[in-house]
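Worksheet: one structure, shown below.
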Amino acid sequence: MANFRALLLLLLGLVLLVASQRTMAADFNFYRDMSCYWGPQNLAVWNNGQNFALSLNNVSGCGIQSRNQFLFGSIEMHIKLVPGNSAGTVTTYYMSSTGDKHDEIDFEFLGNVSGQPYIIHTNIYTQGVGNREVQFYPWFDPTAAFHNYTIHWNPSQVVWFIDGIPIRVFRNYQKYGIAFPNQQAMRAYSSIWNGDNWATRGGLVKIDWKNAPFTARYQQVTLRACPYWQGSTAQCSASTAANWWTSPAYSKLSYAQQGQLMWVRSKYMIYDYCQDKKRFDGKTAPECSLPLY
């Protein structure tokens, strides 16, 4: 009887986990799923919590975070970036844990002077250590329409996607002593703030406040990830049917995705920390000498 009860509880847990993931994926609502931690006066929410916008003015920016923490899965945000002269503004979308040795996976969108392209800045922190920046120019106008920016991570890899196209991958090479973000739950964050001391041409171009407020708009947010509760690291990592992100299909990029990744890198990548030996005194990070995917 005890074994039957244990099996019944396990099956019930799996059903609830799948149901919660389906609910979060199909039924996002800002009021239920997110909270504002900074600049609430610069937050607008409409369409019954399906759409929202973050603004920056000369008084404050704005920041939001997910109420739940996650460990593995996909977080998607459809974002339309600040149009016109957005030089000096930084719009961010990232996953992060807390503490001095935090893990973090970043998208940052560096504003531009009208007629010049945005810079898509990516980075990853493991155990509090970052310095893994890779930057791209977009192959589209990110201010003219909404585009899907996805952070996907599982026990094997972290992948940054734009409209389903992988632009960057960070493999799990723990067996070589390279830290990987697989032990700390993370929340999803987004913000807009004043980065004109560094963001545009190294801080040479300042924000033109006559153009304020600067507004980034959001829709179709999807939190298709493993909800994390204390002690559930093993559950989120387990190779089960409910944990779709652990299936072999997600353990590495497909052949087609590898081709897409190399197309983006060859055409639109403008900076790669693995190629910047001058910055790191002639050395590169250990993962730079290992296979990219």
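No value in this document is a laboratory result; all are computed from the given coordinates. Note that the structure is a prediction, hence the values are computed from the model and not measured. Neighbour counts are summed over all protein chains in view; Cβ atoms, including those assigned to glycine, are modelled from backbone coordinates with ideal geometry.
Annotations for the structure displayed:
- For R168, residues with placed amide H under 5 Å, excluding near neighbours: W160
- Label point distance in nm, Q50-D281, each placed 7 Å from Cα along Cα→Cβ: 5.5 nm
- In the chain, the DSSP-assigned H stretches of four residues or longer account for a calculated mean residue ellipticity at 222 nm of -5000 deg cm²/dmol, using -39500 (n - 2.57) per stretch and the full residue count as denominator.
- Cα-based Rg / Dmax (Å) for region 214-293: 18.3, 46
- Computed over the alpha-carbon pairs of the chain, the distance histogram in 5 Å steps reads 1, 5, 11, 16, 18, 17, 14, 10, 5, 2, 1, 1, 0, 0, 0 percent, short to long.
- Cα long-axis angle, helix 255-268 against the chain (0 to 90 degrees, to the nearest 10): 20 degrees
- Taking the C-alpha atoms only, the angle from helix 2-26 to the longest principal axis of the chain is near 20 degrees.
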